[in-house]
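The structure appears below as structure tokens.
What follows draws every value from the coordinates through simple rules; no lab data is involved. Quantities reported herein were computed from a predicted structural model and do not represent experimental measurements. Ideal geometry is used to build each Cβ from the backbone, glycine not excepted, and the neighbour counts take in all protein chains shown.
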């Protein structure tokens, strides 16, 4: 069984299109989206429609929840809050209803999928380093847990020394961000996991970032949202 695992699209249709084209070329068995389909980017409705049409299993990210939960929205930075308010205004009720129904966790055999962390997944805690990861291993029972949320690809093994997926070693894997990388690399990022070979690989792809940034500027969203895409920060 081969999985393509995507996360943090954030309304970036250009990045999503490039990633899905590459996934199709690689012939995977299932695509799973870890959430944050919307927020920040200029094409939230189109990204939702794409995932829905392809029947891709999706989880709830904090930006997805913030479209219908003002309590979550209140925790956002001013920039993120402005963006999610703009985003919500671009969505119709069926879009919001679909986001409202997204689950927080998904299990596949020895794999756990969440948006942010296996510990209290509905609270969207960050796993930023090995110390954060160490506090989360007791919160899932499978061999691997795939997360997003930080926009920074990483692998944290339970032994706190390994940085690769190895059969017999439990690990938390952050698959990075499709639509808004923040690790200094502007290319879209996602992961491919082969359960038969028990291997994981990050995939980085260039996409027309200037086109996405231009849409952000034209929409009247803060320029910072477009500029950060260009630099991957």
#### Entry: C-alpha long axis of helix 13-26 to longest principal axis of the chain, angle in °
30 degrees
### Query
When DSSP assigns beta bridges and you keep just the ones with both residues in the chain, what percent turn out antiparallel, to the nearest 5?
60 percent
### Task
Scan (i) 15; (ii) 56; (iii) 18 for the value of percent of Cα pairs over 30 Å apart calculated from this model and give just the label.
(iii)
### Query
Once the piece of chain linking residue 219 and residue 82 is laid out straight, how much longer is it, given 0.36 nm per residue of separation minus the C-alpha distance between them?
48.1 nm
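What full-extension length gain, to one decimal in nm, is calculated for residue 194 and residue 110 as 0.36 nm per residue of separation minus the Cα-Cα distance?
Fully extending the segment from residue 194 to residue 110 adds 29.0 nm.
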### Cut-off 15 Å (backbone N to label point 7 Å along Cα→Cβ of residue 75), residues of segment 1-45
36
### Query
Quick one: helix 209-218 against the long Cα principal axis of the chain, what's the angle to the nearest 10°, folded into 0 to 90?
40 degrees
